[in-house]
Amino acid sequence: MCIKLDDSAISNFFENEPSIEKGGKEKVYFIKDSYNFSMTLRVNTCAKKVAISVRYNDNAIFEGKFNHVLEIKKSKNALFVELENLKRLVLKKTPCFAEVIDDVKLETSDHRANYGEMKMESYFKEKGYKRIGPEERTSIYQKSHQGIDGVYCLESGKSEGKDEEKPFYVIAEAKYGCSELTKTADGKQMSDSWIMGSNRLERAVGKEWADKILLKGYSRKLIIIPFTGIQEKELYGNGNIICTKENSGQKDSSQKETEDDGTNGKNPTKDAKRDLDAIKNLIKEDKKRVENLKEGVKELEKNREKAGNIYWVQSKIHDLNLGILIAKYTEAFLEKDQEENSKDKSWEEKLEELKKEYEGLLKEWIKWEKWEKWKKDWGEGNLPEKSQKNSTEDSRKIPRNNYYKNLKMISLGILFEVEGKTKMGSGTYATKFKERLDKEKSSDWLLEWLLSQWTGDERIDKGGDLIFEKTFSTLKKIVDEDKENAKKDLEAYLKRWKEKVCDCNGADQSKENIYYGYWSFEAGAVAKKLKIDDTGWEKQEYYPYDLVRYKCKTEK
């Protein structure tokens, strides 16, 4: 008994007459679209076998051979291949892609991730967008990557036959089947804090494009590749799906967690200690970026419809200036280490200048009322800490990148010996900082302890919690230890710092010039306040030895 089929229906589906294999045992049906996606169906009716292949250029996306085929029938825009074991293959044609849907799954998570990204690519091309990063997936057998799946720029003008404009820049995430958006330490996947955190946008498209996108604004899209065709969902700034009549019944997948560290799958390696010229170039490049973004802010302030972008632009400006300050410290360290210190300024004078730059950054950072104004302009639905339907309590915790920035800012205040009790408006540096931490829902033992050490007159609960328990529990242990054991544990902390603690995100391995030096300022602050003996640690990797030993001129 042969396969039951209607040859004319299959030919109609493939839009061509089949070829006959030599020997007359198999009929071969073939279709190819304008994007070089193709599907081939080989049918051996008497042997009750079919072979199916879906390819993109010369790369196989799906290949499978199936025995015990009972029937092939057409239904609207699909072919059903009925198998003897009650399973069914569904062959579908989307506007620019042929796909196979069946009980034979793509074998690995890499296969599924790449398959979803390839389908998303053709989807956005059809809508008039071009990809600007990251590197396009061309085969399911490539190693998948962490980070942003796709960033697109509109090539054509307006939507076909419509007056409304499409989003000019789109940042998109492809999810295959039932895969979910995940929670990460930087916030929910596809949230603004996730996109901006860990240098994801810069590493996806480069510095120049990242700044253009930041100033112009962008739309966030979730592209779902289910068994019924592509679905597009627009997202809030916190990564939750914007509810519409079409998707109001869909659950917002925010329960799955991941340890995405933003390294694009690369294992952290020993600090490459970029050369002095690379650090100098980064300082020059990022100063120019700050100038350009400040000019962009002036334009945004004139256009109130785009005022919401100001929050993220100002955040990026502050991040860049902090990075420049750290890069300058790295530059001075390398010059000193290589005995290339400039003759016009001593090492101590350079540190004094960096202290003044830090104080300016500190004052800006702790004027949290101003930052709240920018957030409000951004829109209630997009506030990073704003809870939406189906959000969990965990999703409202401070993102990792904000936590690490607060940690750096407090630690640098201690290392530069900036007076925490310095008056600022109705409060002090320390009280203003505490107000910001409370507003960001970042009540945390380590930050609280460092603040208390900064002022010297506050006590905290020793049993308090750490937001990132696994990462910083060693520092909490060090505070309670005697100095001899504290030194050993702090040295061990520094040895694993890059791999387990650092928010460096593989910057020294990136093709983009985003490495400004790796320094564990929090370890330095703990050592300074506990007066841990760091004799012989001048070359201790990641340890800011000179800042720990730094003394204000007024106290000399």
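Laboratory data are not the source of any read-out in this text; all were calculated from the coordinates shown. Remember, it's a predicted structure, so these values are computed and weren't measured experimentally. Note that we place each Cβ from the backbone using ideal geometry, even for glycine, and neighbour counts take in every protein chain shown.
Here are the numbers:
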item	result
Flagged links, alpha-carbon separation over 29 Å, of Lys294/Lys408; Lys316/Lys441; Lys216/Lys356	Lys216/Lys356
Over 24 Å between alpha carbons, listed pairs Lys421/Lys500; Lys302/Lys423; Lys500/Lys528	Lys421/Lys500; Lys302/Lys423
Per residue Cα convex hull volume in Å³ - calculated over region 109-234	110 Å³
Listed peptides 412-418, 493-499 by packing density, highest first (mean Cβ within 10 Å)	412-418, 493-499
Spin-label model distance (nm) - Lys511 vs Glu291, 7 Å beyond Cα toward Cβ	2.8 nm
Region 393-539 shape via C-alpha gyration tensor axes, a/c threshold 1.5	rounded
FRET efficiency, 1/(1 + (r/R0)^6) with R0 56 Å, evaluated for Thr138 and Asp7 via beta carbons	0.95
Descending principal axes extents, region 4-101, alpha-carbon based, whole Å	34, 31, 24
Across Lys93/Lys175; Lys87/Lys183; Lys298/Lys432; Lys27/Lys76; Lys74/Lys221, pairs whose alpha-carbon gap is larger than 24 Å	Lys87/Lys183; Lys298/Lys432; Lys74/Lys221
